[in-house]
Amino acid sequence: MMFDPMKIPRVYGVPLGADFSTTLYDGLRAAFETMSPADVAHVVIYVNTRRMQRRLTSLFHQGDALLLPRIRLVTDLAQDAVGRAIAPSIAPLRRRLEVAQLVKGLIDADPTLASQDAAIDLADSLVALMSEMQGEGVAPEAIAGLDVTDQSGHWQRALSFIQLVQQFFADDRLDGEGRQRLVIETLVDRWADTPPDHPIIVAGSTGSRGATSLFMQAVAKLPQGAVILPGLDCDMPAHVWDMMEQKKGGEDHPQYRFKAFCDALSIQPSDIQQWGNTTNINAARTGLISLSLRPAPVTHQWIKDGSDLGDLGEATNGITLIEAPTPRAQADAIAARLRQAVEDGQTAALISPDRMLTRQVTASLDRWDITPDDSAGLPLQLTAPGRFLRHIADLFCEPLDAERLLVLLRHPLSHSDRPDRGAHALRTNALELDLRRNGPPFPTAESLTKWAAATSDRHPEHTDWVAWVGSVLLGLCDTNDKPLIDHLTHHLGIAERLSAGPYLGGSGELWKKPAGREALRVMSELRAHSDAGGVMSAREYRRLIGSVLAGGEVRDRDDGHPQVLIWGTLEARVQSADLVILAGLNEGTWPEAPTPDPWLNRPLRMQAGLLLPERRIGLSAHDYQQAVCAREVVLSRAVRSDEAETVPSRWINRLTNLLGGLEDKGGPAYLKAMRERGQHWLTLAANIAAPTVTVDPAPRPSPCPPADARPDKLSVTQIKTLIRDPYAIYARKILGLNALDSLAHTPDAPLRGTIVHKVLERFVKDKIDPADSGARAALLSIASDVLIEHCPWPAVRALWFARIASFTPHFLIEEQKRRVFSANVDTEMRGELKLAYLPFTLTGTADRIDMSDDGEALIYDYKTSKAPTSPQQKYFDKQLLLEAAMVERGAFKALGRVRTKAAVYIGLGSDLKDQPAPLDDETPDETWTRFEGLIAKWMDPTKGYTSRSANEIMSFEGNYDHLARYGEWDETHDAIAQDRT
């Protein structure tokens, strides 16, 4: 026999501060010494995680040779055949699809319940509730019979959804949780009559779930059964154990699960025996942590029992407290400490539920080529295949725009596993430049073919490549509902064709490497259960794909550094390391805020016998209590998040408040030392990140190129730029740097202005009489046509059409006045004029020029934004003044040399007000004389092109501010002339 007979259930505990795996193994080896090899082989040990299973197996392999006990997961019970006709459990994905169909049907019957887009999310939460009900042994009838007299009318809506899952509680329709409970109930009934004659041990589980607790209770009562609890607090007095009851709110205490387990077995916590040899425990640390976590209210207990604590120096010397100013600083400090652990030959484990933080730490470690062994791996949706599949699913719901097209063509899996991948990248670059410059916002087969034809003389291969791109990616947006299998087949076909490239079959590198193989497994599983998915829209399919990919993870166990480990809180319960780092210790992160339950609030959950929200907090507290009792530990948090100040985790608050109040035992000094050790790593990380070379800030640039390099031609609209920001002219005209247009074409103000110009240009050229009764309809018809041609966004088209309609009456009235004394000559008239004594040409395009009855020119410019005032035109924005001077000098050939009667900005924005150019104050001759003087100055090689010379507003953002290194200087700095000869 392995265990001596006992009158009470056999429950052991591994104290806080002990490495659970090692202690469990040592105790088992000691017990096996008196057993025959055959008896050892009959021992069955149930553990709670796969990592724990591997860890325990490896410990046995390291020891002397013996027949190994059977080491199983508690969750494996769901697959056991126990001599009873229990149907296999339903696959989780199939269950989700089945419930989603029921939810959609319910919403179709009553659309007021929810939107159809919410069906997948509602189904997932319903499946989670159903799984919990099956695991806890709560029948649907118990939910339907809850006392809801104090609840709102929301309950009836929730109940209509909950009743959908009633059919899944039959024995042949159970999920994994339900089948596991049924197996356990069968075993409990059988063991009551015929208990097994071989030892059965459950180790490492806290019994937080109903089915697991039921199994642990049954094992503890067996003649050769035992339960070994992790992280038992041996310092807590009996009266404190008695305080922990659910009704008194004790469920968030780290030891509450053990108290509830003892109550279920009708034993006292003092009846729990110690497992194994635990001589290396830091008793002072465990006592301090135990007192800090006493159930509320605790203040009087701290005062009473604080003086009885052991040496606080021994308790805190191994604790470092990092209070970082930002999450980024926290990640860098943790990375620095992990790097030191590698240097010292320590095994270091980072424990945190904050996956963003662990990724930041991983990124910081990359500077030393250290890749941590992350137990959680990388979510499949964030891997290259996951992103690739999600991008393609987006095309089924949204029109293909330039940004989506380039994202897919540039994806590393596009045209992959091919020797000509470089040529594909070059073609993609060329297409991107054209799309940025010329559009259209939503590429079509016609636009792509036109681009290929325009470049065919230099790149004839573009034709075949564009044909492949069009055949794969164009026309995928479909609003029709289809069976899930059709969506899936189409989706995978597109993905494989895009990955394979234009000339060969196959699937490229899409399904290769660990991430690709995991993506193939997930998508194959979805295909296998697609018959349960029914018919769905493209948007529902996209949501489903995102959810399915989010459930996968990719982890390469051989890729990580053996000394640097990242654990989830579950893995940390049953193993330890030389250095343990607990990171993200802020409220809302650790412990996490309870997840909102759309179905049952806390009182209803308590009535039904389901798990309460505090359960997760209690489990997190136990994880913290176990980990913080390690020999060397780092506690870390960020004082600020990206948005606001953070709140320290309640456990950090308790520890620091307790130490701060133990003045007689030197608590404040030890707390200060903990913080100083943390500050050391913050300072070190900051020094590592700081630049090693001090670079002086750049001066305000004012380059002076030679005269022959200076521009000899500018347009009238660029003169304003020359006056206000000369450096932009230098960068564009001399250096030849043109800012790239945004890849994501948006309906911005310049596009609106272009459309309004085209509308009015057609109206004037068609010689429509503004006084005619049909003029308004004609103008709006032109507007509709132009908007359809140039504005592919339906919502924006409607908005801009309404704006054009709003100014149409005003425009027609003013146009009648203009037509009384003048006639239009032309629109979009281009002219140019050379300076007499300088090698310089001024060009310009006038929106519209009319000729008055007395033979004088009228220059008009349509303005959808605010027109410049007279002073602004006089000193800076000289467009109309210069066009007037050009007209009088014959720059526009269709006009000849005529006098300018007026030049006017026609206001078409929010302020329907015309703004004339100040020709009386600044005659065309004066304007031209001043302009010739201005250009003469700019032809002087000593004249510098100063950046941001005369900005109208301080918030001005130029296209070349980055090149000028604006920010290292500002407008208060003097410009430094820079000879560029």
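The values are calculated or read from the model by the stated rules, or taken from the named source; none is laboratory data. Keep in mind that what you see is a predicted model, and the values were worked out from it rather than measured. Every residue, glycine as well, gets a Cβ built from its backbone with ideal geometry; the counts of neighbours run over all protein chains shown.
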Quiz item: Looking at the stretch 801-824, is at least one residue surrounded by 14 or more Cβ atoms within 10 Å (Cβ to Cβ) and in a strand (DSSP E or B)?
Solution: yes
Quiz item: Out of all the residues in the stretch 934-958, which are within 22 Å of Ala867 (Cα to Cα) and not hydrophobic (A, V, I, L, M, F, W, C)?
Solution: Arg948, Ser949, Asn951, Glu952, Ser955, Glu957, Gly958
Self-check item: Residue list for the stretch 720-757, restricted to those being closer than 21 Å to Thr942 by Cβ, hydrophobic (A, V, I, L, M, F, W, C) and part of a helix (DSSP H, G or I)
Solution: Leu722, Ile723, Ala728, Ile729, Ala731, Ile734
Quiz item: Which residue pairs have Cβ atoms under 7 Å apart, sit 6 or more places apart or on different chains, and have a first residue in the stretch 264-277 that is among the acidic types (Asp, Glu) and a second that is surrounded by fewer than 16 Cβ atoms within 10 Å (Cβ to Cβ)?
Solution: Asp271/Ile8
Practice problem: Please enumerate the residues belonging to the stretch 891-928 that are out of contact with any helix residue (DSSP H, G or I) (no Cβ under 9 Å at 6 or more places or on another chain) and in contact (Cβ under 8 Å) with a residue 60 or more places away in the chain. | Solution: Lys893, Ala894
Quiz item: Across the stretch 170-184, what is the total count of residues that are buried (at least 17 other Cβ atoms within 10 Å of the Cβ) and free of Cβ contacts under 8 Å to residues at least 40 places away in the same chain?
Solution: 0
Quiz item: If Gly207 passes every condition in (1) in contact (Cβ under 8 Å) with a residue 12 or more places away in the chain; (2) out of contact with any Phe, Trp or Tyr (no Cβ under 7 Å at 6 or more places or on another chain); (3) of a type outside the set (Asp, Glu) but one, which one does it miss?
Solution: (2)
Self-check item: Breaking point among (1) in a loop (DSSP other than H, G, I, E, B); (2) within 20 Å of Gln180 (Cα to Cα), for Thr279
Solution: (2)
Practice problem: Kindly list the number of the only condition in (1) buried (at least 17 other Cβ atoms within 10 Å of the Cβ); (2) out of contact with any Asp or Glu (no Cβ under 7 Å at 6 or more places or on another chain); (3) over 20 Å from Arg497 (Cα atoms) that fails for His424. | Solution: (3)
Quiz prompt | Of all residues making up the stretch 323-337, the number that are surrounded by 22 or more Cβ atoms within 10 Å (Cβ to Cβ), assigned to a helix (DSSP H, G or I), in contact (Cβ under 8 Å) with a residue 40 or more places away in the chain and of a type in the set (Gly, Ala, Ser) | solution = 3
Exercise. Test each condition in (1) without any contact (Cβ under 8 Å) to a residue 60 or more places away in the chain; (2) farther than 30 Å from Gln134 by Cα for Ser649 and report the one that comes out false.
Key: (1)
Quiz item: Restricting attention to the stretch 46-69, which residues are out of contact with any Lys or Arg (no Cβ under 6 Å at 6 or more places or on another chain) and closer than 25 Å to Gly178 by Cβ?
Solution: Val47, Asn48, Thr49, Arg50, Met52, Gln53
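Say we look at the stretch 561-599 and pick out the residues that are modelled with pLDDT of 85 or more and part of a loop (DSSP other than H, G, I, E, B); which of these is farthest from the chain's Cα centre (by Cα)?
First, the residues of the stretch 561-599 that are modelled with pLDDT of 85 or more: 561-567, 577-592.
Next, from what is left, pick out any that are part of a loop (DSSP other than H, G, I, E, B): 577-578, 583-585, 587, 590-591.
Numbers: Ala577: 31, Asp578: 33, Ala583: 20, Gly584: 18, Leu585: 21, Glu587: 21, Trp590: 19, Pro591: 21 Å.
Checked the stretch 561-599; the qualifying residue farthest from the chain's Cα centre (by Cα) is Asp578.
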Quiz item: Mind checking which residues of the stretch 338-352 are in contact with a strand residue (DSSP E or B) (Cβ under 6 Å, 6 or more places away or on another chain) and in a helix (DSSP H, G or I)?
Solution: Leu338, Ala341, Val342
Quiz item: Can you name every residue in the stretch 620-640 that is under 27 Å from the mean Cα position of the chain (by Cα), surrounded by fewer than 24 Cβ atoms within 10 Å (Cβ to Cβ) and assigned to a helix (DSSP H, G or I)?
Solution: Ser620
Exercise. Restrict the check to the stretch 910-933 and report whether at least one residue is basic (Lys, Arg), in a loop (DSSP other than H, G, I, E, B), crowded, with 16+ Cβ neighbours inside 10 Å and at negative phi.
Key: no
Quiz item: Quick check: anything in the stretch 643-656 of a type in the set (S, T, N, Q), exposed (fewer than 15 other Cβ atoms within 10 Å of the Cβ) and in contact with a strand residue (DSSP E or B) (Cβ under 9 Å, 6 or more places away or on another chain)?
Solution: no
Self-check item: Subset of the stretch 125-163 that is crowded, with 16+ Cβ neighbours inside 10 Å and of a type in the set (Asp, Glu) - its residue that is farthest from Ala608 (Cα to Cα)
Solution: Glu132
Exercise. With the condition kept exactly as written, say whether any residue in the stretch 52-65 is out of contact with any strand residue (DSSP E or B) (no Cβ under 8 Å at 6 or more places or on another chain), outside any loop (DSSP other than H, G, I, E, B) and among the small types (Gly, Ala, Ser).
Key: yes
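Okay, residues lined up against (1) closer than 30 Å to Ala538 by Cα; (2) without any contact (Cβ under 8 Å) to a residue 12 or more places away in the chain; (3) touching a Leu at 6+ places or on another chain (Cβ under 6 Å); (4) surrounded by 22 or more Cβ atoms within 10 Å (Cβ to Cβ):
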residue: Leu321; (1), (2), (3), (4): no, no, yes, yes
residue: Ala349; (1), (2), (3), (4): no, no, yes, yes
residue: Thr362; (1), (2), (3), (4): no, no, no, no
residue: Asp366; (1), (2), (3), (4): no, yes, no, no
residue: Asp374; (1), (2), (3), (4): no, no, no, yes
residue: Arg390; (1), (2), (3), (4): yes, no, no, no
residue: Cys397; (1), (2), (3), (4): yes, no, no, no
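Looking at the stretch 76-161, what helices (runs of 4 or more DSSP H) fall wholly within it and have at least 1 residues that are within 36 Å of the chain's Cα centre (by Cα) and within 20 Å of Leu600 (Cα to Cα)? Spell out how you get there, then give the answer.
Numbers: elements: 92-109, 119-136, 140-144.
Where helices (runs of 4 or more DSSP H) fall fully within the stretch 76-161 and carry at least 1 residues being within 36 Å of the chain's Cα centre (by Cα) and within 20 Å of Leu600 (Cα to Cα), they are 92-109, 119-136.
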Quiz item: Applying the selection to the stretch 306-319, what residues are in contact (Cβ under 8 Å) with a residue 24 or more places away in the chain and either assigned to a helix (DSSP H, G or I) or of a type in the set (A, V, I, L, M, F, W, C) (or both)?
Solution: Gly306, Ser307, Leu309, Leu312, Gly313, Glu314, Ala315, Thr316, Ile319
Exercise. Could you tell me which numbered condition Glu403 fails, if it satisfies all but one of (1) in the same structural domain as Leu549 (by TED's automatic domain parsing); (2) closer than 30 Å to Lys672 by Cβ?
Key: (2)
Quiz item: Which residue pairs have Cβ atoms closer than 9 Å, lie 6 or more positions apart in sequence or on different chains, and pair a first residue in the stretch 60-72 that is under 10 Å from Pro37 (Cα atoms) with a second residue that is modelled with pLDDT under 85 and not hydroxyl-bearing (Ser, Thr, Tyr)?
Solution: none
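Considering only the stretch 657-666, I want to know if a residue exists there that is exposed (fewer than 14 other Cβ atoms within 10 Å of the Cβ) and more than 21 Å from Tyr624 (Cα to Cα).
First pass over the stretch 657-666, keeping only residues exposed (fewer than 14 other Cβ atoms within 10 Å of the Cβ): 660, 663-664.
Remaining after also requiring more than 21 Å from Tyr624 (Cα to Cα): 663-664.
Yes - at least one qualifying residue is present in the stretch 657-666.
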Self-check item: Close pairs (6 angstrom Cβ cut-off, 6 or more residues apart or separate chains): not assigned by TED's automatic domain parsing to the domain that holds Pro792 in the stretch 416-445, assigned to a loop (DSSP other than H, G, I, E, B) and small (Gly, Ala, Ser) anywhere
Solution: Ser416/Gly508; Asp417/Gly508; Arg418/Gly501
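Out of curiosity, is Ile184 part of a helix (DSSP H, G or I), of a type outside the set (Phe, Trp, Tyr) and either under 19 Å from Ala260 (Cβ atoms) or touching a helix residue (DSSP H, G or I) at 6+ places or on another chain (Cβ under 8 Å) (or both)?
Numbers: part of a helix (DSSP H, G or I): yes; of a type outside the set (Phe, Trp, Tyr): yes; either under 19 Å from Ala260 (Cβ atoms) or touching a helix residue (DSSP H, G or I) at 6+ places or on another chain (Cβ under 8 Å) (or both): yes.
Yes, satisfied.
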